[in-house]
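First up is the structure itself, then whatever we jot down about it.
The values are calculated or read from the model by the stated rules, or taken from the named source; none is laboratory data. In this text the structure is predicted, and so the values were computed from the model without any measurement. Backbone-built Cβ (ideal geometry, glycine too); neighbour counts: all protein chains shown.
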Amino acid sequence: MSTDRRAGMTLLELLVVLMVLSLILTAAVKAWDVTLERGRYETTRKRLDQIATAITGDPGYVVAGRRADFGFIGDMGRLPENLAELAIAPPVSPPESSRWRGPYMRAPFNEAPTAFLFDGWGDSILYSKDSLFIRSYGGRGLADRTRWMTHSLGFERQALLLNSVQGRVVDVRGVTPPANDTILGAIKVTLEYPFEGRNYATSLTGLELTSGQFNFASIPQGSHTLRGKYIHFAPPRDSVMTTMNVTVYPGFGAQDVRLQLNVDWNSEP
């Protein structure tokens, strides 16, 4: 005798299967959430780092032994008023005097130019030129400080904007001009640098150049132009000029600069 049994599943077995599937789905969702959150965190971390570099420059970018990238500050001589200035040129009057060389933050082809203003969670990145840091709230706003991501600009305001350029004027022999006014001419030293987004120049002459020594204060970091000029008093009052670039490092400035003029103090009448 044979018994005909139909294959099937009991209610208990069905509940067990559903429970297992539920556990697998829950684990998959949690793993996806963790992966997504990790991606948002990494995106934000990189973005904060890129913004800080855009503002202060990349110290690792060196050309001919000198740092060549000083970011927004190196070009404009000031901190950005807001992060949008890293992508969109701020108005300067007259426009041709602007030192803006951006965009300092370049968006991928599929993003808006100002997409970098938002973190991985779609929230605005916090920046204040008085605080010298940039911050993401990590998707939790003000409620959870443990989630905040803060990136310092790495320097104090004085180091970024208030450096000095010190050096001396020398002749072809490397000698500073005599202090007894035996030369019949005038020396003028001019430093050109950005200030509040515009080209700016300040000069030292006469008593300001004791024995050819010069000292310019409150100079922003960056690569600036130093000019020296010597004007003969005697006819035909010809002049000698020289130009050089000086690299002003944050917190160190430019020290012991030699500005050499094509003259010989000993041959001066």
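Name the single residue that is nearest to the chain's Cα centre (by Cα) among those in the stretch 75-101 being small (Gly, Ala, Ser) and part of a loop (DSSP other than H, G, I, E, B).
Filtering the stretch 75-101 for residues that are small (Gly, Ala, Ser) and part of a loop (DSSP other than H, G, I, E, B), the one nearest to the chain's Cα centre (by Cα) comes out as 77.
Determine which member of the set 243, 205 is without any contact (Cβ under 8 Å) to a residue 24 or more places away in the chain and farther than 17 Å from residue 179 by Cα.
The conditions single out 243.
Find the residue count for the stretch 64-74, including only residues that are over 10 Å from the mean Cα position of the chain (by Cα) and buried (at least 20 other Cβ atoms within 10 Å of the Cβ).
1
Could you list, in sequence order, all residues of the stretch 50-106 that are hydroxyl-bearing (Ser, Thr, Tyr) and touching a helix residue (DSSP H, G or I) at 6+ places or on another chain (Cβ under 9 Å)?
Listed by number, the residues that qualify are 53, 56, 98, 104.
Hey, could you check the stretch 210-264 for residues that are aliphatic (A, V, I, L, M), out of contact with any helix residue (DSSP H, G or I) (no Cβ under 9 Å at 6 or more places or on another chain) and buried (at least 18 other Cβ atoms within 10 Å of the Cβ) and say which is modelled with the lowest pLDDT?
By that ranking, first place goes to 263.
Out of the residues in the stretch 117-159 that are in a helix (DSSP H, G or I) and touching a Leu at 6+ places or on another chain (Cβ under 7 Å), state the one that is surrounded by the most Cβ atoms within 10 Å (Cβ to Cβ).
117
Working only within the stretch 1-22, note down all residues that are part of a loop (DSSP other than H, G, I, E, B) and at pLDDT 75 or above.
Passing the criteria: only 10.
Going by the structure shown, is residue 194 within 24 Å of residue 55 (Cβ to Cβ), in contact (Cβ under 8 Å) with a residue 60 or more places away in the chain and crowded, with 18+ Cβ neighbours inside 10 Å?
yes
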